[in-house]
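The values are calculated or read from the model by the stated rules, or taken from the named source; none is laboratory data. All of these numbers come straight from a predicted model, not from anything done at the bench. Using ideal geometry, Cβ is built from the backbone for each residue, glycine included, and neighbour counts are taken over all protein chains shown. Heads up: the accessible areas ignore ligands, DNA and RNA and are worked out on the full protein's heavy atoms, side chains in. Shrake-Rupley method; radii C 1.70, N 1.55, O 1.52, S 1.80 Å.
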Amino acid sequence: MRHFLIFVLLLLPLAGKPASILVPMDDVQKDHLKSYGIAFWVLKNGGEVDWLLNYRGGSFMTKYESKIENECKIRGVSYEVIADAKVAEIVTEVTDPSVNMDVVKLEKAPRIAVYSPSIGLLPSDDAVILVLKYAEIPFDIIYDPEVLKGELPKYDWLHLHHEDFTGQYSKNTRRGRISARFLEDKSTQEATARTLGFKKVSKMKLAVAQHIRDFCAGGGFLFAMCSGADSIDIALAACNTDICESIYDGDAADPNAQSKLDFSQTLAFQNFTLDMDPFLRHFSDIDDGRTRHIKQQDDFFTLFDFSAKWDVVPSMLTQDHDRVIKGFKGLATAFNIDKLKPYVTIMGELKSANEARYIHGEYGKGQWTFYGGHDPEDYSHNSGDPPTNLSLHPNSPGYRLILNNVLFPAARRKKLKT
């Protein structure tokens, strides 16, 4: 009996030994955005993370290490230290065939690039750059020279800054008035094009867009917001014509440009009609931002509920603690559902307006996600407005969607149902 008691006493400390750290992603989490940074930090340091789809808002779980716990404390991230019995209970719950939950293993930190002008011109208000910095997730800046030199395969994930791939400088002009900013941007872009062997900026941007599409086809993950999403497809479709008026490239646009669009070249959109007005900041009817009449208090979009066990990809990309997301405007605010290719998955929509706000698809071996609007926490961001301070929005559901995409390439590759 005495030996048995000694044995039990020896086991008691082991029973209470921490086995894992759970980072809850429901409403108890103090900082949802920095929680993604913790997951990335674990992966970067050689650990693995279980992404618990639909469990408490899409929580993260990893093996206990004191340095991970300390990192959570330093970054202000809510966490729970749990023992083996609780881990087993959670795994049993989420893998139960009768519930809409599952476990996705994250194994390796993705290599991240942001397509944007050089550091000296780095946009301070780009939502992806803001949230990557806030979450403390490292990334590289690349632009036209790096893309055209073939450096994209070095990366797993690429974000397109709010770029105009059509060579029209986001139509950043006003009728009869040409800003100094427009002229400076035009001069810089034209000098780059000449250096890289292109006679026109539009031709350089087309080549860049094609390299980005090839990156996706080869297995890369592409993420774009605002005008980066629709303008890349417009540029790809216009590969055999000229859609730029003389103010942008020195000669007139092809009057038959619309009929020469090749929609087989695009990633997401088809059958769209170009807006050829050179002074109107609108590219085509892909985006319905110019014609929509929705008040800010009514501007929301709803995330779809996907099957975590069968529709793994969209389930990962829509993990959130809220299912209804505040709308926000941009140069491309929302995507006309009628202009989507048949295989595109709509992950967030405002059904009453026939518009998609958050879409996903596959291309070759890779995948892409397009997200309408400029800044999830700034409804109508204007040029020159100060960047959003994310320390005031640590639980932003709209910014969480961006970070879902950042972690997505870390998932163990397996045959997915979608």
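Calculated mean residue ellipticity at 222 nm for the chain: -9000 deg cm²/dmol, from DSSP H runs with n ≥ 4 weighted as -39500 (n - 2.57), summed, divided by the residue count and rounded to 500.
How do the peptides 319-329, 191-201 rank, highest first, by the average count of neighbouring beta carbon atoms within 10 Å per residue?
Taking the mean over residues of other Cβ atoms within 10 Å, the ranking is 319-329, 191-201.
Considering only DSSP beta bridges whose two residues both sit in the chain, what percent are antiparallel, to the nearest 5? So the antiparallel bridges amount to about 70 percent of the total. Computing FRET efficiency as 1/(1 + (r/R0)^6) for residue 88 and residue 240, where r is the C-beta to C-beta distance and R0 is 60 Å, gives about 0.50.
Against the chain, whose longest principal axis comes from its Cα atoms, helix 32-44 is set at around 80 degrees.
Gain on full extension, evaluated as 0.36 nm per residue between residue 80 and residue 282 minus their Cα-Cα distance, stands at 67.9 nm.
Extension gain, residue 154 to residue 195: 0.36 nm times the residue separation minus the Cα-Cα distance gives 12.4 nm.
What is the extension gain from residue 140 to residue 103, computed as 0.36 nm multiplied by their sequence separation minus the C-alpha to C-alpha distance, in nm to one decimal? Mind dumping the intermediate values first?
Working: separation 37, 0.36 × 37 = 13.32 nm, distance 2.97 nm.
Computed gain between residue 140 and residue 103 is 10.4 nm.
On C-alpha positions alone, give me the angle between the axis of helix 227-237 and the longest principal axis of the chain, in degrees, nearest 10. With rounding to tens, the tilt is 60 degrees. Put a plus charge on the Cβ of each Lys and Arg, a minus charge on the Cβ of each Asp and Glu, and nothing anywhere else: the dipole of the chain about its Cα centre is then about 780 debye.
Expressed as a whole percent, the accessible area of the chain that falls on carbon and sulfur atoms is 53 (1.4 Å probe). Candidates 243, 396, 216 compared by Cα position along the dipole of the chain: farthest toward the positive end lies 216, with charges placed on Cβ. Name all residues of region 220-241 having a backbone nitrogen under 19 Å from the label point set 7 Å from the Cα of residue 259 along its Cα→Cβ direction, giving them as ranges. Answer for this model: 237-241. Backbone amide hydrogens, once placed in the peptide plane, bring residue 334 within less than 5 Å of 288, 289, excluding anything fewer than 5 places away on its chain. With respect to the chain, whose longest principal axis is taken over its alpha-carbon atoms, helix 66-75 is tilted by about 50°. Inter-label distance, residue 27 to residue 380: 3.1 nm, where each label sits 7 Å from its Cα along the C-beta direction. Per-residue packing, averaged as other Cβ atoms within 10 Å, sorts the ranges 239-246, 332-339, 285-292 into the order 332-339, 285-292, 239-246, beginning with the highest. Close amide H partners of residue 111, meaning residues 5 or more places away or on another chain with modelled amide H under 5 Å apart, are 156, 157.
Treating each Cα of region 200-313 as an identical point scatterer and summing with the Debye formula, the log10 of I(q)/I(0) at q = 0.24 Å⁻¹ comes to -1.43. Across the chain, Cα pairs under 8 Å and at least six residues apart give a relative contact order of 18 percent. Solvent exposure of region 229-327, expressed per residue, is 42 Å² of accessible area, with all protein chains present and a 1.4 angstrom probe.
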